[in-house]
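Here's the structure we're looking at; comments come further down.
The values are calculated or read from the model by the stated rules, or taken from the named source; none is laboratory data. Just so you know, these numbers come straight off a predicted model, no measurement behind them. Reconstructed Cβ throughout: ideal geometry from the backbone, glycine too, with neighbour counts over all protein chains shown. We work out accessible area using only protein heavy atoms, side chains counted, and drop any ligands, DNA or RNA first. Shrake-Rupley method; radii C 1.70, N 1.55, O 1.52, S 1.80 Å.
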Amino acid sequence: MTPKLPLIISVSALVLLTGCGSGSVVDATGKSTQNTEHTAQEIDFTDPAFAVTPVAAKAPAKGGMGPKEYKVLQLTNKARAKAGCKPLKANAKLTRAARKHSKDMKVKNYFSHDSKDGRSPWDRIKAEGYKYPGAENIAAGYPTAASVVKAWMNSKGHRANILNCKLKTLGVGHHKRYWTQDFGWK
């Protein structure tokens, strides 16, 4: 039996990147090219700067996020603070788009920014009523918020999305071991 390995992919409105070892870069026109550069910077999530305040399981979290999703927002904002960026604000519309995409990937057994029905992240985000989509990170196989944020921070493309100080809002979607971060400009 081959063990399942966690996967992560990042996409940005300016340049769409896959930093999860797939070896390709997709530009804003959708054309794919080979990418052999893979760099990662280790992040120590045991550092007190990454401490997360527990969220009660029954309490609704900001932006429509559940506890695990909200923990991703908290960890993302801790990393942004260390880089000098303002915190992202939770957005319910982005959260709905992200959660639906994570569930769709699990239920339909695929892993891609583009849905099986051909919709792009921008299509899905706008369908939820959010007009300013900025970037998307996806991952599969990570059991916890800390493990998925650590993986994203150790991937050049994902880290670039998380630390893009011009992005202002975030929606996080989690279903089983599928994760989506949808970022917005406003």
Is there a residue being open to solvent by 30 Å² or more (accessible area, probe 1.4 Å), under 21 Å from N164 (Cα atoms), of a type in the set (A, V, I, L, M, F, W, C) and at pLDDT below 95 anywhere in segment 74-82?
no
Within segment 96-144, how many residues turn out to be open to solvent by 70 Å² or more (accessible area, probe 1.4 Å), closer than 21 Å to N164 by Cα and touching a Lys or Arg at 6+ places or on another chain (Cβ under 9 Å)?
2
Restricting to segment 86-95, give me the number of residues that are assigned to a loop (DSSP other than H, G, I, E, B) and open to solvent by less than 40 Å² (accessible area, probe 1.4 Å).
2
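Quickly run through segment 142-164 and pick out the residues that are assigned to a loop (DSSP other than H, G, I, E, B) and farther than 9 Å from W179 by Cβ.
Filtering segment 142-164 for residues assigned to a loop (DSSP other than H, G, I, E, B) gives 142-144, 154-155, 163-164.
Scanning segment 142-164 gives P143, T144, N154, S155, L163, N164.
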Residue pairs within 6 Å by beta carbon, gap of at least six or interchain, first lying in segment 163-186 and closer than 16 Å to G63 by Cα, second open to solvent by 40 Å² or more (accessible area, probe 1.4 Å) and assigned to a strand (DSSP E or B), listed first then second, are T169/K89
What number of residues in segment 148-160 are open to solvent by 10 Å² or more (accessible area, probe 1.4 Å) and closer than 17 Å to A81 by Cα?
4
Filter result for the condition that a residue is out of contact with any Leu (no Cβ under 8 Å at 6 or more places or on another chain), at pLDDT 95 or above and of a type in the set (D, E), over E128, E69:
E69
